[in-house]
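One structure below.
The values are calculated or read from the model by the stated rules, or taken from the named source; none is laboratory data. What you see is a predicted model; the values in this text were computed from it and never measured. We place every Cβ from the backbone using ideal geometry, glycine too, and count neighbours over all the protein chains shown. In case anyone asks, the SASA skips ligands and DNA or RNA and just uses the protein heavy atoms, side chains included. Shrake-Rupley method; radii C 1.70, N 1.55, O 1.52, S 1.80 Å.
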Amino acid sequence: MCRIEQAKQRGATFRSGPELEISGYGCNDHFLESDTFLHSVQSLAELLKSPVCRDILCDVGMPILHKNVRYNCRVLFFNGKITVPFGDAVVSTLDTCVGVETCEELFTPNSPHIQMGLDGVEIITNGSGSHHELRKLHTRLDLIRSASGKLGGIYMYSNQKGCDGERVYYDGCAMIAVNGQIVAQGAQFSLDDVEVVTATIDLEDVRSYRASKMSWGAQATNTPSYHRFFLDSRLTAQSPSLFPENLPSEPLESLRIHTPSEEISLGPACWLWDYLRRSGMGGFFLPLSGGIDSSSTACIVACMCKLVVDNVAANNAQVLQDVRRICRDPQYTPTDPAELTNRLLHTCYMGTANSSNETRDRASALAQQLGSYHLSINFDAAVAAVLAVFTIATKMIPKFRTYGGSSTENLALQNIQARLRMVLAYLFAQLLLWVRGREGSLLVLGSANVDESIRGYFTKYDCSAADINPIGGISKTDLRGFIRFVIQTHGWTSLNGIFDAPPTAELEPITASYTQTDEADMGMTYDELSVYGRLRKVSRYGPYSMFTKLVIVWKDKFSPAEIAIKVKHFFRSYAINRHKMTTLTPSYHAEAYSPDDNRFDLRPFLYNASWSWQFRMIDASLATIATPKSVPARSESLDAAKPATVTAEAPNLLSAPAEEAPEPEKIPVVVPTPTTDSSDAKLAVPPPSITPPDAATAAAPATPASSASSSSSSSSSAEAAPTKL
């Protein structure tokens, strides 16, 4: 209602809103419930009888139940009456013609706006529910300009805005285009609940533009006509004196298009704020390791706090009300982003004997610069206590590989450290506000990136298991770009050391001859992993097609034999770890290759990890390819990939009942480097160690904890509402 009122206050005579704005876009299975349709119709009835909705043509999105069939509909009404009965039609007023299409129809080859434009429709609306993805706005802008540029006409694009209680963030950016030029554009990211975008259009510009295109007239004569419903009213002003201040809107000289790094600083920040204010929680808890991933998460929260302070300074009453409620302080007015960060963000470095002073110092320096409430702990005692329970029960003492242990022992010792971090994270999240004399508890933030998720390079139920994860849909490459961006724009210079340091889980003992690193553990670089991830998810390549693609793309970097080894290793790792995707923390969706199998990657989670048919095809193809003379054979890499020094072969996971298979999370496999036995042990924060096997250990009880959160399923919207002089 308030959106329509704002449009009228600006002199609008026609208002269009986003897709399913009455019910909310993210209802999912609630669309199968009769209550959703009942309450949507009740809301429509309130609009029809409201005086606010008089003398303005309104276009709203809502679900409709018609003859027991559920439809995603647009409803156009004027002065208390619905202008179009159920069906596909356009509305002719005394001065123009209006048609509608919905969301994805803009992206299809034969979009409805093409036929409507050729049939004489001058104003076309698109009520959308389009979520944010990095680099997506360019596509949206190009399509909108093309839609109005090819045919001539007015294209009004409105979009949902905010967190709809799910993994996606709807990024608004309502806009109005005339004859291929954008004349009004809303913000892509903001904390406003509602944004109304208006423009004043001269319909004669449309008619003149179309008249200049002879081919348009020829095609229009052969176009089937839409059924027209007539509205005995006009959208244009009968006299310029009605709106003397409204001159026709001029094309924008430049459009607001954010860089990917800017998008990361804004989109996830807005998503976090929406989630926090709707969840009823008192802030965030983040295990801060001193690495790129957890540091990026901390920086996103700090960016969120800056957005909040900026909105309060701009007199955004809703944001001020929300921050006071979250902080449980009715008199609080934030003026300093770092001070607000201290209230909302709680960070903790969770170290063990395997952690280095360097990562501990980097985490502390970043926390101080951002302003977070920071703790640094050592939980070797908890690790020793858990292992003591195992030793008492089995009379066996597992050892790290450094001390002569097997790969199985080595992985288990890494995983227990990682999983204890998750237990400690939830304990601290529940009690830290109590420690600080405040009520409530905290949301636990995860910090596993999309590349590591698709590779399965994390421990199941480690501190990647959290309430929400703002970077779970962002690649390592983009996160590094984001870190450079915030160093330059915010002056967080403590990130320089984090950026330059090699990523490491620090789950194994550091010796003079060995320091654990992520890329060595994975058997691939992060740049290579990003390529695999996009080819697997976005391009939907299997092992053989990926091999044939990379033989061409990487012909100047690797020999075909090396590429075969790399592709096989990726798909073995992908298959063995696919089961972990069922436990991924709900993450901000920012990449088309998200491996989240709850919505974005619907594939099995139990695979035959041998890929016998596909790998045989790769071998057969490899046999027919002569190694180019200009590319060295790289015998060292090939030797490293030979099946040697492994404790078990990768099993056929489909040949036996799942409950009889060895734990699929940590199965040693043939890999292209000799340091990857622990490839699946990964944590976003530094890890623990046990004392050497000859040292005494003492058991101590560990206290688990849990945390709960909830969110609303409603979202705000950004709208388009043009007027005419």
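A search for C-beta distances below 8 Å between a residue of the stretch 396-412 that is not assigned by the TED database to the domain that holds THR511 and any residue that is aromatic (Phe, Trp, Tyr) and open to solvent by 60 Å² or more (accessible area, probe 1.4 Å), counting only pairs 6+ apart in sequence or on different chains, returns MET396/PHE390; PRO398/PHE390. Only one entry in ASN311, ASN342, ASN316 is touching a residue at least 60 places away in the same chain (Cβ under 8 Å) and under 18 Å from ILE300 (Cα atoms), namely ASN311.
Within the stretch 551-577, residues that are under 14 Å from ILE625 (Cα atoms) sit with their Cβ atoms under 9 Å from residues that are open to solvent by less than 40 Å² (accessible area, probe 1.4 Å) and among the hydroxyl-bearing types (Ser, Thr, Tyr), at 6+ positions apart or across chains, in these pairs: VAL551/SER621; PRO560/SER621; ALA564/SER621.
Where helices (runs of 4 or more DSSP H) fall entirely within the stretch 264-363, those with at least 1 residues that are modelled with pLDDT of 95 or more, open to solvent by 40 Å² or more (accessible area, probe 1.4 Å) and within 22 Å of THR489 (Cβ to Cβ) are at 292-313, 337-344. Among what's in the stretch 173-189 and is out of contact with any Gly (no Cβ under 7 Å at 6 or more places or on another chain) and of a type in the set (Gly, Ala, Ser), pick the residue that is farthest from VAL100 (Cα to Cα). Of everything passing the filter in the stretch 173-189, ALA184 is farthest from VAL100 (Cα to Cα).
Applying the condition of being surrounded by 11 or more Cβ atoms within 10 Å (Cβ to Cβ) and more than 17 Å from GLY87 (Cα to Cα) to the stretch 223-233 and asking which residue is modelled with the highest pLDDT yields SER233.
The set of residues from the stretch 524-550 being assigned to a helix (DSSP H, G or I) and in contact (Cβ under 8 Å) with a residue 60 or more places away in the chain comprises TYR526, LEU529, SER530, TYR532, GLY533, ARG536, LYS537, PRO543, TYR544, PHE547, THR548. Residues that are outside any helix (DSSP H, G or I) and open to solvent by 60 Å² or more (accessible area, probe 1.4 Å) were ranked within the stretch 424-438; the one that is farthest from ASN342 (Cα to Cα) is GLY437. Of the strands (runs of 3 or more DSSP E) lying entirely inside the stretch 140-212, not one carries at least 2 residues that are free of Cβ contacts under 8 Å to residues at least 60 places away in the same chain and either open to solvent by less than 20 Å² (accessible area, probe 1.4 Å) or farther than 20 Å from VAL308 by Cα (or both).
For THR517, the criteria (1) out of contact with any helix residue (DSSP H, G or I) (no Cβ under 9 Å at 6 or more places or on another chain); (2) open to solvent by 50 Å² or more (accessible area, probe 1.4 Å) hold in every case but one, which is (2). Residues that are among the aliphatic types (A, V, I, L, M) and in contact with a Leu (Cβ under 8 Å, 6 or more places away or on another chain) within the stretch 455-498 comprise ALA466, ILE468, ILE471, ILE474, ILE483, VAL486, ILE487, LEU495, ILE498, listed in sequence order.
Among PHE390, PHE400, which is out of contact with any Cys (no Cβ under 8 Å at 6 or more places or on another chain) and either open to solvent by less than 40 Å² (accessible area, probe 1.4 Å) or modelled with pLDDT under 90 (or both)?
Working: PHE390 fails: either open to solvent by less than 40 Å² (accessible area, probe 1.4 Å) or modelled with pLDDT under 90 (or both).
Checking each option against the conditions leaves just PHE400.
If the condition is being small (Gly, Ala, Ser), part of a helix (DSSP H, G or I) and farther than 18 Å from GLY290 by Cα, then the stretch 366-423 contributes ALA381, ALA382, ALA384, ALA385, ALA388, ALA393, SER407, ALA412. In this structure, ARG484 qualifies as part of a helix (DSSP H, G or I), modelled with pLDDT of 90 or more and at negative phi. ARG540 meets the conditions (1) crowded, with 20+ Cβ neighbours inside 10 Å; (2) outside the structural domain of PRO268 (by the TED database); (3) at positive phi in every case but one. The failed one is (1). Within the stretch 450-488, restricting attention to residues that are free of Cβ contacts under 8 Å to residues at least 60 places away in the same chain and farther than 18 Å from VAL538 by Cβ, the residue that is surrounded by the fewest Cβ atoms within 10 Å (Cβ to Cβ) is GLN488.
Screening THR236 on (1) part of a loop (DSSP other than H, G, I, E, B); (2) closer than 29 Å to GLY99 by Cβ; (3) modelled with pLDDT of 90 or more shows it passes everything except condition (3). Inside the stretch 488-523, can you point out the residues that are within 17 Å of THR359 (Cβ to Cβ), in contact with a Phe, Trp or Tyr (Cβ under 6 Å, 6 or more places away or on another chain) and outside any loop (DSSP other than H, G, I, E, B)? Those that are within 17 Å of THR359 (Cβ to Cβ), in contact with a Phe, Trp or Tyr (Cβ under 6 Å, 6 or more places away or on another chain) and outside any loop (DSSP other than H, G, I, E, B): none in the stretch 488-523.
If you go through the stretch 588-605 and keep only what is buried (at least 22 other Cβ atoms within 10 Å of the Cβ) and at pLDDT 80 or above, you end up with TYR588, HIS589, ALA590, GLU591. Filtering the stretch 151-172 for residues that are at pLDDT 95 or above, touching a Gly at 6+ places or on another chain (Cβ under 6 Å), of a type in the set (Val, Ile, Thr) and at negative phi leaves an empty set.
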